[in-house]
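K.L.:
I have a structure here, written as structure tokens, and I will follow up with some questions on it.
The values are calculated or read from the model by the stated rules, or taken from the named source; none is laboratory data. Treat the numbers as computed from the prediction; the structure is a model and nothing was measured. Quick reminder, even Gly has a Cβ in these numbers, built from the backbone with ideal geometry, and neighbours come from all protein chains shown.
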Amino acid sequence: MDLFDSEKKERTILDLFTYDLTTFFYGDYEEVDSKETEETFMIVYEKNLPWTELNSFDTVQFRVFFDKHNITGSNPINVKLLSKETIVDIDNVKSVIEQVYELYGKDDEEKAEWSNQDKIDFLRKDLKRIWTIEKGESFVTLYYNDDENFVLNILFLNNLIKHTGKYLDIK
């Protein structure tokens, strides 16, 4: 490793967004869903973004999980970016996939850049790409389907943020 590389910050999916996802505890989020099981309690908070991210996503959701049996541990937080109002075309989806590929390399199925199979899956509205990152502590998923249109999920945002050295801003 080069001496200068040790100072270089590794880029993450968070670097692709203008909206700072670490400021979740600020602002006006609407509670849009909640579910309770014997083990956990989950709350979904949603907010329309002030601008469109990656020419695709206009809404952000945070899913916060509370473990009923572990009140001292950290609560997993997942982020979902959605294109609710934004019309997404094949070029938007291709661009996002290629940006995530540039950050993390091949996905979990060894797919690299946009391919003919991705185009076929897009046209069928059945596109799915998954990247396991940070040694399995976080995941980035992209979906394009009839149910939700175009979605980017970051599973275990808190783990990803921990690896960046930054923390959720909770003044």
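K.L.:
Quick test for you: out of Phe25, Phe4, pick the one residue that is assigned to a loop (DSSP other than H, G, I, E, B), exposed (fewer than 15 other Cβ atoms within 10 Å of the Cβ) and either at pLDDT 80 or above or of a type in the set (A, V, I, L, M, F, W, C) (or both).
P.N.:
Checking each option against the conditions leaves just Phe25.
K.L.:
Restricting the first residue to segment 42-59 and requiring it to be on the phi < 0 side of the Ramachandran plot and outside any strand (DSSP E or B), which pairs with a second residue that is of a type in the set (S, T, N, Q) and crowded, with 17+ Cβ neighbours inside 10 Å meet a Cβ separation below 7 Å and a spacing of at least six or different chains?
P.N.:
From residues that are on the phi < 0 side of the Ramachandran plot and outside any strand (DSSP E or B), the pairs are Ser56/Ser83; Ser56/Thr86; Ser56/Asn92.
K.L.:
If I go through segment 130-162 residue by residue, how many of them are out of contact with any Asp or Glu (no Cβ under 9 Å at 6 or more places or on another chain) and at positive phi?
P.N.:
Result for segment 130-162: 4.
K.L.:
Tell me which of these Val93 doesn't satisfy, since it passes every other one: (1) at pLDDT 95 or above; (2) among the β-branched types (Val, Ile, Thr); (3) surrounded by fewer than 18 Cβ atoms within 10 Å (Cβ to Cβ); (4) in contact with a strand residue (DSSP E or B) (Cβ under 6 Å, 6 or more places away or on another chain).
P.N.:
With (1) at pLDDT 95 or above; (2) among the β-branched types (Val, Ile, Thr); (3) surrounded by fewer than 18 Cβ atoms within 10 Å (Cβ to Cβ); (4) in contact with a strand residue (DSSP E or B) (Cβ under 6 Å, 6 or more places away or on another chain) applied to Val93, the lone miss is (3).
K.L.:
Out of (1) modelled with pLDDT of 95 or more; (2) in contact with a Leu (Cβ under 6 Å, 6 or more places away or on another chain); (3) not acidic (Asp, Glu), the odd one out for Asn78 is which?
P.N.:
Condition (1) is where Asn78 drops out.
K.L.:
Can you name the strands (runs of 3 or more DSSP E) wholly within segment 74-150 that have at least 2 residues being under 29 Å from Ser34 (Cβ atoms) and touching a residue at least 40 places away in the same chain (Cβ under 8 Å)?
P.N.:
Filter on segment 74-150 gives 77-82, 138-145.
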